[in-house]
Amino acid sequence: MAKPVPIEEIFQQIEEAVGALESGELPLEEALGRFEAGLKAMRQARQILDRYAVRLDELRGEEPPATAQA
C-alpha cells in the first residue's frame, strides 16, 4: 500500500498550479494539464479534510453531518 501524501504537499501542488496559471505564460496544452493537476490535488485535499472533520466529530462525540451523494 502506498504511503499517503501529506496534505501540506498537496497544498503545495495546488499553489504551484495556481501560480503557473496566473503567470499567463504557459502554452494552452500545458495550462490545461496544470489546471487538471490542480483540480486533482484539490479533490485529494477535500477528501483528506472531510476525513479529518469526521474524525474530529467522533472525538467530540458528535454525529457527522449528512453529506449529499451525487
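Details
- Between helix 7-23 and the chain: long-axis angle, C-alpha atoms, 0 to 90°, nearest 10: 30 degrees
- For the chain, calculated [θ]222 nm from helices alone, where every DSSP H run of n ≥ 4 adds -39500 (n - 2.57): -25500 deg cm²/dmol
- A simple charge model with +1 on the Cβ of Lys and Arg, -1 on the Cβ of Asp and Glu and nothing else charged puts the dipole of the chain at about 300 debye relative to its Cα centre.
- On Cα atoms only, tilt of 28-60 relative to the major axis of the chain in degrees: 10 degrees
- Over all pairs of different C-alpha atoms in the chain, the reciprocal of the mean inverse distance, the Kirkwood hydrodynamic radius, equals 14.1 Å.
- Paramagnetic reach from Val18 (point 7 Å along Cα→Cβ, amide N under 20 Å) across the range 34-53: 34-50
- Each residue, Lys40 and Tyr52, gets one label point 7 Å from its Cα in the Cβ direction; the gap between the two is 2.2 nm.
- Accessible surface for the chain, divided over its residues, is 87 Å² per residue with a 1.4 Å probe.
The values are calculated or read from the model by the stated rules, or taken from the named source; none is laboratory data. The model shown is predicted, which means the values in this text are computed figures rather than measured ones. Every residue, glycine as well, gets a Cβ built from its backbone with ideal geometry; the counts of neighbours run over all protein chains shown. Surface accessibility is based on the protein's heavy atoms, side chains included, excluding ligands, DNA and RNA. Shrake-Rupley method; radii C 1.70, N 1.55, O 1.52, S 1.80 Å.
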